[in-house]
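Report on one structure; see the data block that follows.
A short reminder: the numbers here are calculations on the coordinates, not readings from a lab. What you see is a predicted model, and the numbers here were worked out from it, not measured in a lab. Every residue, glycine as well, gets a Cβ built from its backbone with ideal geometry; the counts of neighbours run over all protein chains shown.
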Amino acid sequence: MIAVAGSTIEIIRGDITDQDVDAVVNAANNHLWMGAGVAGAIKQKGGDAIETEAVTLGPINIGDAVITSGGTLSARHVIHAAGMGQDLRTDHDKVAAATASSLERAKENNLTSIAFPAIGTGVGGLSLEACARAMIDTVVDYLVANKTLLERVRFVLFDEEGHETFQQQLRTKFSR
């Protein structure tokens, strides 16, 4: 855990669908249909209504994000971050843009807490290292440059490899 501009950045190992935060982020495609991976887990636990609402807001540009209700999740909202298009491929810049857009939606909706998965590391094919670098750099830079109500930004990694990779990137960011 590290404090940045009045917010706390946390990296935990767990299930993003269990997070008690204002919003969880869905690693979405730009048409906002929810298939497998994080999207599938959110839809399964939070209900089909999340996808139904999201699809009515799309398609959106790759790198953009929209916000919906959280269905039956503990989180009040789901922020759908389009880190990839219909080709289901992504890269550092797309993930960074989707992360920044998610933070903008949180700011616009006066949210105080948000939980991110490792966007693009599943079907998107992005390495954990590239994802962690893109997301952590973007979050830190955003928090420093913008006044928000965010008190807590949490990265939720499902496995130990992801958890350790994000922890290492956070340490690296603050040792420069």
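Remarks
- Selection of first residues in region 55-72 that are among the acidic types (Asp, Glu) and of second residues that are crowded, with 21+ Cβ neighbours inside 10 Å and part of a loop (DSSP other than H, G, I, E, B), restricted to Cβ pairs under 6 Å at least 6 apart or on distinct chains, gives an empty result.
- Of the strands (runs of 3 or more DSSP E) lying entirely inside region 2-44, those containing at least 3 residues that are under 13 Å from the mean Cα position of the chain (by Cα) and closer than 19 Å to Thr72 by Cβ span 23-29.
- Only one entry of Thr90, Thr121, Thr148, Thr112 meets the criterion of being more than 13 Å from the chain's Cα centre (by Cα), hydroxyl-bearing (Ser, Thr, Tyr) and closer than 18 Å to Ala39 by Cβ, and that entry is Thr90.
- Residues in region 18-37 that are among the polar types (S, T, N, Q) and farther than 17 Å from Lys94 by Cβ: Gln19 alone.
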